[in-house]
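Colleague: The structure that follows is given in the form of structure tokens.
Just so you know, all these numbers are worked out from the coordinates, no wet-lab data involved. Just so we're clear, the structure is a prediction, and the values are computed from it rather than from any experiment. Here Cβ is always computed from backbone atoms with ideal geometry, including for glycine, and neighbour counts include all displayed protein chains.
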Amino acid sequence: METTSSPLEAKKTLGVANVVEIRNLQKSFGERKVLNNVNLDLRAQENLVVLGRSGSGKSVLIKCMVALLKPDEGTIKVLGYNVPSLSPSELNELRLQVGFSFQGSALYDSMTIRKNLEFPLMRNLGIYDTVKLNEMVLTALEEVGLAHTVDQLPSELSGGMKKRIGIARTLILKPKIMLYDEPTAGLDPVTSSEINDLILQVRDRYHTASIIITHDISCAHQTSDRIVALIEGESKVQGTFDELKASNDKDLKHFFNY
Amino acid sequence: MNLLSITLNFLAQVFLLDQKTYTYMVLTKALIDVANIYKFISEFFKKAIRPPYEWREILNQCFAMGNRSLFLITFTSFLAGIVFTKQSEPSLSSFGAESWLPSLVSQAVVRTLGPLITGLICAGKIGSNIGAELGSMKVTEQIDAMEVSGTRPFAYLVVTRVIAATLILPILVIYSDGVALMGSFVMVNSFSDSSFLLFANEVAASISYLDIFASLIKSALFGFTIGITGSYAGYYSDEGTTGVGKAANTAVVVSMTFLFVIDLIMLQFLNLIR
């Protein structure tokens, strides 16, 4: 596996416009090969949708990008950091620049929304000034239109609201890359569309590059600049939504015609 | 054929495997668990000594753990004091040695009864709570969310809980000893009308500093065991809601078993130095 001596050096080896480069990524769980020869590039300020059926390894792919899972083989370069070979402090440095929105929102259910948003600020940036914390929390919540929920508990909110707050919690650290794991899963079409709009707003306001993991065709249509289709763990086809829709690939056709 | 072999043979048949394969699977899993627990404890010590220290969260956890178990400890310790005194009185009186009752009860309470009652209650209340809480955080990806946002979840969730349990158990044991002795006094008083001062004097005369010190060390070890077992079971629980239940159950069963093992080891050790 290719290694780089320092993130700064590595940055120089990365294509100027690419913020993520994944080459020949492989990951198995026991006998089951989940990712098989995945290749993928993410350009600056681009929304890249990774489209695939449930169990095709989409979530595993983005978990490998933030070292929640260790790949068996392949190279993952995120913002110039060679992820599999990072030291704990370098990994922490990278993770501060990558926002991860989880499928189930993953809000800390013992804390209020305010505490949920304050938590990364206090522990990562060492901000303890209550006035500043309050201002930052309210600004982040206003961005997702949920400032009124600040003193509520996650259990008091709907699925769509939780997703928005999950996104606000990642945005509060001003990430350069956003990773969305099934952002519209389990939501009604109207709320899904609102979340899709929010994903586009985040790109425009924060100038982030995003990878959106989904099996929802309307989410892919609404949010994507480019799509990579992950079929049986392999990154088979890449292109815009219309290009993929017109593709003759058998698996892809089945997906789009469903 | 010994008992182990019979058991393995039976389990192998239940799971439709030959005994050799089943034994291999059981041994492999046990070895992996031992290695993982060793790694987990090493990680705990590494993170515990390295700043930043999470004093505020440790205090919060101490308060929550103490609060959670206080009522049950009060109730069971008081009853244990009454029952133990009531049970011991006929044996002592048959030798005309009723006056030794405070001394017997106080040694039993301080050396074993207090720490064990408190340990078992805390294994049930604190251990299961830690296992279930961390298990549900794992299942709902909250621990992963902390990990990817760089907020050091191990230090925040595990180190704080284990330290809090280690610190709070000795305090609860001192409290439990006091309550059990109060229960004992109520019973002694009903037999012999002895004054509280006399009872307290006899208790103080029969307990050595070594007894108190050993009891505190033992209860700190109990706390550490409860904290580590609960945290390990929760932090590495299986995915899904059954994983949460399993984590809580493992935390209680394993820590209760270890409490008795620690009690026995401490007893042997104290007998050597006494």
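Colleague: Listed highest first by mean packing, meaning other Cβ atoms within 10 Å per residue, what order do B:233-246, A:21-34, B:168-181 come in?
Modeller: Numbers: B:233-246: 18.1, A:21-34: 15.6, B:168-181: 23.8.
Top to bottom by mean Cβ count within 10 Å: B:168-181, B:233-246, A:21-34.
Colleague: Another one. Under 8 Å for C-alpha pairs, at least 6 residues apart: give me the relative contact order for the range B:54-273, rounded to a whole percent.
Modeller: Working: 310 pairs, mean separation 77.5, N = 220.
Computed value for the range B:54-273: 35 percent relative contact order.
Colleague: Can you tell me the length gained on complete extension of the stretch B:LEU72 to B:THR28, counting 0.36 nm per residue apart and subtracting the Cα distance? Each step should come with its number before you reach the end.
Modeller: Working: separation 44, 0.36 × 44 = 15.84 nm, distance 3.93 nm.
In short, 11.9 nm is gained.
Colleague: Work out the charge dipole of the protein assembly as shown with +1 on the Cβ of Lys and Arg and -1 on the Cβ of Asp and Glu about the Cα centre, then indicate which of A:ALA44, A:PHE256, B:TYR24 is farthest towards its positive end.
Modeller: B:TYR24
Colleague: With springs only between Cα atoms under 10 Å, which of B:LEU92, B:LEU27, B:LEU157 fluctuates most in a Gaussian network model of chain B?
Modeller: Answer for the Gaussian network model of chain B: B:LEU27.
Colleague: Determine, for A:LYS250, A:LYS163, A:LYS115, the number of other Cβ atoms within 10 Å of each Cβ, and report the residues in order from fewest to most.
Modeller: Taking fewest neighbouring Cβ atoms as first place, the list is A:LYS250, A:LYS115, A:LYS163.
Colleague: Now, a different point. Go through the range B:73-139 and name the chymotrypsin sites (Phe, Trp or Tyr not before Pro) that are in a DSSP coil and have 15 or fewer other Cβ atoms within 10 Å of their Cβ. Display every interim value, and only then the final one.
Modeller: Working: sites: B:PHE75, B:PHE78, B:PHE84, B:PHE95, B:TRP100; in loops: B:PHE95.
Passing sites in the range B:73-139 are B:PHE95.
Colleague: At a Förster radius of 56 Å, what calculated FRET efficiency corresponds to the Cβ-Cβ distance of A:ASP109 and B:LEU272, to the nearest 0.05? List each step's numbers first, then the result.
Modeller: On the way: r = 49 Å, r/R0 = 0.87.
Once rounded, the FRET efficiency stands at 0.70.
Colleague: Taking the range A:160-245, which GluC sites (Glu not before Pro) meet the DSSP loop condition and have no more than 10 other C-beta atoms within 10 Å?
Modeller: Working: sites: A:GLU194, A:GLU232, A:GLU234, A:GLU243; in loops: A:GLU232.
Passing sites in the range A:160-245 do not exist.
Colleague: Take the Cβ-Cβ distance between B:ASN9 and A:ALA246 as r, set R0 to 51 Å, and report the resulting FRET efficiency rounded to the nearest 0.05. All intermediate terms of the calculation are to be shown ahead of the outcome.
Modeller: On the way: r = 63 Å, r/R0 = 1.23.
For R0 = 51 Å, the calculated efficiency reads 0.25.
Colleague: Kindly list the residues of the range A:194-215 that lie in the label zone of A:ASP225, defined by a backbone N under 13 Å from the point 7 Å along the Cα-to-C-beta vector.
Modeller: A:200-212
Colleague: Summarise the partner chain shielding of A:62-71 as one whole number: the mean count of Cβ atoms from other chains within 10 Å of each residue's Cβ. Don't skip to the end; give the middle numbers.
Modeller: Values: counts 1, 3, 0, 1, 5, 2, 5, 1, 0, 0.
Partner Cβ neighbours, averaged per residue: 2.
Colleague: Tally Lys and Arg at +1 and Asp and Glu at -1 over the other residues with C-beta under 11 Å from the C-beta of A:LYS27: what net charge comes out?
Modeller: Numbers: positive: A:ARG32, A:LYS33, A:LYS63, A:LYS70; negative: A:ASP72, A:GLU73.
In short, +2.
Colleague: Related question: Starting from the Cα of A:LYS250, draw a straight line to each of the lysines and keep only those under 27 Å, dropping any in the same chain fewer than 8 residues away.
Modeller: Candidates past the 8-residue exclusion: A:LYS27, A:LYS33, A:LYS58, A:LYS236.
Colleague: For a quick check of your reading of the filter: which trypsin sites (Lys or Arg not before Pro) in the range B:44-100 sit in a DSSP loop and have no more than 15 other Cβ atoms within 10 Å?
Modeller: On the way: sites: B:LYS46, B:LYS47, B:ARG56, B:ARG68, B:LYS86; in loops: none.
Answer in residue order: no site qualifies.
Colleague: Output the DSSP H helices from chain B with an along-axis C-alpha extent of no less than 18 Å and a mean Kyte-Doolittle hydropathy no less than -0.5. Intermediate results must be reported in sequence, preceding the final value.
Modeller: Working: long enough: B:19-49 (45 Å, 0.30); B:55-94 (55 Å, 0.36); B:160-192 (47 Å, 1.49); B:209-235 (38 Å, 0.98); B:241-273 (48 Å, 1.48).
Once both thresholds are applied, what remains is B:19-49, B:55-94, B:160-192, B:209-235, B:241-273.
Colleague: How many Lys pairs in the range B:54-273 lie less than 25 angstrom apart by Cα atoms, where the lysines are 8 or more positions apart or on different chains? Write out the running numbers ahead of the final one.
Modeller: Details: B:LYS125/B:LYS138; B:LYS125/B:LYS218; B:LYS125/B:LYS246; B:LYS138/B:LYS246.
Lysine pairs meeting the criterion: 4.
Colleague: Ignoring solvent entirely, what values of log10 I(q)/I(0) come out of the Debye formula for chain A at 0.08, 0.12, 0.13, 0.16 Å⁻¹ when each Cα is a single scatterer?
Modeller: With no solvent term, the Cα-only Debye profile gives -0.32, -0.72, -0.84, -1.23.
Colleague: At a 10 Å Cβ-Cβ cut-off, how would you order A:SER54, B:SER255, B:SER69, fewest neighbours first?
Modeller: Ascending number of Cβ neighbours within 10 Å: A:SER54, B:SER69, B:SER255.
Colleague: Based only on the alpha carbon positions, what is the Kirkwood hydrodynamic radius of the range B:78-154, in angstrom? Walk me through the numbers before you get to the answer.
Modeller: Values: mean 1/r = 0.0625 Å⁻¹.
One over the average 1/r among Cα pairs gives 16.0 Å for the range B:78-154.
Colleague: With +1 on each Lys and Arg Cβ and -1 on each Asp and Glu Cβ, and nothing else charged, work out how big the dipole of the protein assembly as shown is about its Cα centre, in Debye to the nearest 20.
Modeller: About 700 debye.
Colleague: Okay, moving on. Hey, got the average number of other protein chain Cβ atoms within 10 angstrom for residues in A:109-122? Before the final figure, lay out each step's value.
Modeller: Details: counts 5, 4, 1, 0, 0, 0, 0, 2, 0, 0, 5, 5, 1, 1.
Across the residues of A:109-122, the mean count of other-chain Cβ atoms within 10 Å is 2.
Colleague: How compact is the range B:54-273 by the rule of thumb for globular proteins, expressed as Cα Rg over 2.2 N^0.38 Å?
Modeller: Working: Rg = 19.9 Å, N = 220, 2.2 N^0.38 = 17.1 Å.
Compactness ratio reported: 1.17.
Colleague: For A:LYS132, go through the lysines and keep the ones whose alpha-carbon is under 19 Å away, minus same-chain ones fewer than eight residues off.
Modeller: Counting by Cα, and skipping residues close in sequence, A:LYS132 has these lysines nearby: A:LYS115, A:LYS174.
Colleague: Rg(Cα) of the range A:86-233 divided by 2.2 N^0.38 Å? Display every interim value, and only then the final one.
Modeller: Details: Rg = 15.4 Å, N = 148, 2.2 N^0.38 = 14.7 Å.
Against the compact-globule rule of thumb, the ratio is 1.05.
Colleague: Right, another one. I want to make sure I understand the PRE zone here: with the label point 7 angstrom from the Cα of A:SER28 toward its beta carbon, which residues in the range A:44-59 have backbone N atoms less than 19 Å away?
Modeller: A:56-58
Colleague: Let me ask something else. If packing is taken as the average number of other Cβ atoms within 10 Å across a peptide's residues, how do A:38-47, B:115-124, B:36-45 rank, most packed first? All intermediate terms of the calculation are to be shown ahead of the outcome.
Modeller: Numbers: A:38-47: 19.2, B:115-124: 25.0, B:36-45: 13.5.
Final packing ranking: B:115-124, A:38-47, B:36-45.
Colleague: Using the crude model of +1 on Lys and Arg Cβ and -1 on Asp and Glu Cβ, and no other charge, please compute the dipole size for the range A:106-174 relative to its Cα centre, in debye to 20. If you can, show how the numbers build up before the last one.
Modeller: Working: 9 positive and 8 negative charges, 50 e Å.
So the dipole magnitude of the range A:106-174 works out to roughly 240 debye.
Colleague: Sequence neighbours fewer than 8 away in the same chain don't count; with that in mind, list the aspartates and glutamates whose C-alpha is under 15 Å from A:LYS162.
Modeller: Candidates past the 8-residue exclusion: A:ASP109, A:GLU142, A:GLU143, A:ASP151, A:ASP181, A:GLU182, A:ASP188, A:GLU194, B:GLU141.
Colleague: I'd like to know how the protein assembly as shown sits against the 2.2 N^0.38 Å rule of thumb: what's its Cα Rg over that expected value?
Modeller: On the way: Rg = 29.2 Å, N = 532, 2.2 N^0.38 = 23.9 Å.
That works out to 1.22 for the protein assembly as shown.
Colleague: Count, for each residue of A:85-92, the Cβ atoms from other chains sitting within 10 Å of its Cβ, then give me the mean as a whole number.
Modeller: Numbers: counts 0, 0, 0, 1, 0, 0, 3, 5.
Mean shielding count: 1.
Colleague: So, R0 is 22 Å and r is the distance between the beta-carbons of B:SER42 and B:ILE217; what FRET efficiency does that work out to, to 0.05?
Modeller: Numbers: r = 22 Å, r/R0 = 1.00.
Step by step, r from the Cβ atoms, then E = 0.50.
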